[in-house]
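Take a look at the structure set out below.
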């Protein structure tokens, strides 16, 4: 795969990562020398996740914090999606630096809230907000939300979808909402609840349930993580601003529009107090 050319324009350089869909490569536009990221999905998988993801990017794009699709296509063996190359994930930054200060945590929260508001305004919920899916730009100034493989429309023909139950958990257990652990349909509130766990994770450096229940079966682990999340507000060391955010988002109703600006304002005011 390395050094091959796709669309007579993009050279595949080396693999960056892999996932359920296939692989991500660093690439280069051989005409402009621009570095890009190339997602590759084998046609034989018959999942068409990249096609769906490219459509979502095109629908919600042209916004800081959303990758730009430069090309989508296929050859005899693979589907390809070319997007702008990004930098380290929030997970990588956390691993390198350990705990992140409350001020920086709140700044990250503001950025992600703004992007989620934009995504939600187009009728989509991401459903897999986690540190690995939050990448900094190469300039290390902006943060981006990536991987819309689990993304879903919550608005269809101007009508909000109805609550129903699922067969399993949607998202990543460490950051999934309590509703997801209960196998409920997800909506905007659940993206924000996932964000609350991420902010606690980068502030404390860990979460009480991470790597705690690996010896249990998947169903048992799901129950234990869910119960830990229900009790996390009992932690007396959680900064009040993060605690209030968590309590607010877990009390949102299924169809309720989150008050993004309110959350951004309380985070901003707290940053001012910390300065």
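The values are calculated or read from the model by the stated rules, or taken from the named source; none is laboratory data. Please read all numbers here as calculations on a predicted model, not as lab measurements. All Cβ positions, even for glycine, are placed from backbone atoms using ideal geometry, and neighbour counts span all protein chains on display.
Numbers at a glance
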item: Unique match (being more than 28 Å from residue 272 (Cβ to Cβ), out of contact with any strand residue (DSSP E or B) (no Cβ under 7 Å at 6 or more places or on another chain) and either in the same structural domain as residue 121 (by TED's automatic domain parsing) or without any contact (Cβ under 8 Å) to a residue 12 or more places away in the chain (or both)) among 202, 210; result: 210
item: Any helices (runs of 4 or more DSSP H) falling wholly within segment 162-275 and containing at least 1 residues that are out of contact with any helix residue (DSSP H, G or I) (no Cβ under 9 Å at 6 or more places or on another chain); result: 188-204, 218-231, 260-274
item: Residue 64 being touching a residue at least 40 places away in the same chain (Cβ under 8 Å) and within 22 Å of residue 125 (Cα to Cα); result: yes
item: Residue match in segment 4-13 (condition: surrounded by 16 or more Cβ atoms within 10 Å (Cβ to Cβ), touching a strand residue (DSSP E or B) at 6+ places or on another chain (Cβ under 7 Å), in a loop (DSSP other than H, G, I, E, B) and modelled with pLDDT of 95 or more); result: yes
item: Test for residue 211: is it under 28 Å from residue 97 (Cα atoms) and at pLDDT below 95; result: yes
item: Top-ranked residue of segment 20-70 - restricted to ones that are assigned to a strand (DSSP E or B) and touching a helix residue (DSSP H, G or I) at 6+ places or on another chain (Cβ under 7 Å), ranked as surrounded by the fewest Cβ atoms within 10 Å (Cβ to Cβ); result: 69
item: Flag if residue 147 is closer than 14 Å to residue 66 by Cα, outside the structural domain of residue 53 (by TED's automatic domain parsing) and crowded, with 16+ Cβ neighbours inside 10 Å; result: yes
item: Tabulated pairs, segment 111-139, first in the same structural domain as residue 60 (by TED's automatic domain parsing), second modelled with pLDDT of 95 or more and surrounded by 19 or more Cβ atoms within 10 Å (Cβ to Cβ), C-beta under 9 angstrom, 6+ apart or interchain; result: none
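Residues are listed down the side, and each one gets a yes or a no for (1) surrounded by 19 or more Cβ atoms within 10 Å (Cβ to Cβ); (2) outside the structural domain of residue 124 (by TED's automatic domain parsing); (3) over 20 Å from residue 94 (Cα atoms):
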| site | (1), (2), (3) |
| --- | --- |
| 177 | yes, no, yes |
| 217 | no, no, yes |
| 235 | no, no, yes |
| 239 | no, no, no |
